[in-house]
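Before any comments, here is the structure.
The values are calculated or read from the model by the stated rules, or taken from the named source; none is laboratory data. It should be emphasised that the depicted structure is a prediction, and the values quoted were computed from it without experimental measurement. A quick note on method: Cβ atoms are made from the backbone with ideal geometry, for glycine too, and the neighbour counts reach across all protein chains shown. With ligands, DNA and RNA removed, areas are computed over all heavy atoms of the protein, side chains included. Shrake-Rupley method; radii C 1.70, N 1.55, O 1.52, S 1.80 Å.
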Amino acid sequence: FPALEVPALEVPIGSALAEASAAAEAEDVVTIGDASLSVSLYGIFLEETRAHLDTLAAGRLRLDEGENVAEDIERAAHTLAGIAGTVKFDAMKDVGHALEGLLERLLGKPADAPARALIGDAIERLEAMLTSATARQLPDAVPELLARLDGLGVGEADAEAAPLDFTAPAAPPE
C-alpha cells in the first residue's frame, strides 16, 4: 500500500489559536530555575515534601523527649531528598541527603543536645527551602549546614571501639 500523506496544519503565529495554545502550555508547566515541572508534578512535590517535613518535625519532638532516633524520620529525610532530586532542587536534595546520613549514624540511639539542635537546624532550612519552592524560587545552597551535618557523628564507632584515655601520661623513669 502506498503511504498516505497528511498535510501538516500550520497555525499562523499571531493567531488567537496559537496564542491560546501557548497560554495553555504555559499553564501546564511550572519553571523554577532550570527545572520545568508539570503542574501536577509540582503539586505532588509540594504535598509530599510537606508530609515528610511534618514527619521530621514530629520525630524531632520525640528526640527532645529522649526517644532514640527511629527509622521513620530517617526514611522521611531519605524520601524528601529523593523527591527534591526528582524535581532538580539540588540544594534541597543535598540537605535531605546529609540529614539522612546523620540520622542513619544515630539510628537506634538517643540524640544528644548538639545533634538535636543540628537536626532542628536542618529541618528549619528544609522548611525555608519549601517556602522558596512554593514561591517558585530555586532554594539556595547551604554548604556550611551540609558540612555540619556530614561531620557530626562521624568516627563515633571508632571512638567506641577504642576509648580515649585522658589520664596524664606516666612520668618518665629517672
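If you check THR49 against the conditions, is it surrounded by 14 or more Cβ atoms within 10 Å (Cβ to Cβ), within 15 Å of ILE119 (Cβ to Cβ) and at pLDDT 95 or above? Against the criterion (surrounded by 14 or more Cβ atoms within 10 Å (Cβ to Cβ), within 15 Å of ILE119 (Cβ to Cβ) and at pLDDT 95 or above), THR49 does not qualify.
If PHE166 meets every condition in (1) modelled with pLDDT of 80 or more; (2) open to solvent by 20 Å² or more (accessible area, probe 1.4 Å) apart from one, which number is that one? Every listed condition holds for PHE166 apart from (1).
Annotation: ASP34 fulfils all but one of (1) within 24 Å of PRO143 (Cα to Cα); (2) open to solvent by less than 30 Å² (accessible area, probe 1.4 Å); (3) at pLDDT below 95; the unmet one is (2).
Screening region 55-64 for residues that are in contact (Cβ under 8 Å) with a residue 40 or more places away in the chain and among the charged types (D, E, K, R) and picking the one that is surrounded by the fewest Cβ atoms within 10 Å (Cβ to Cβ) gives ASP64.
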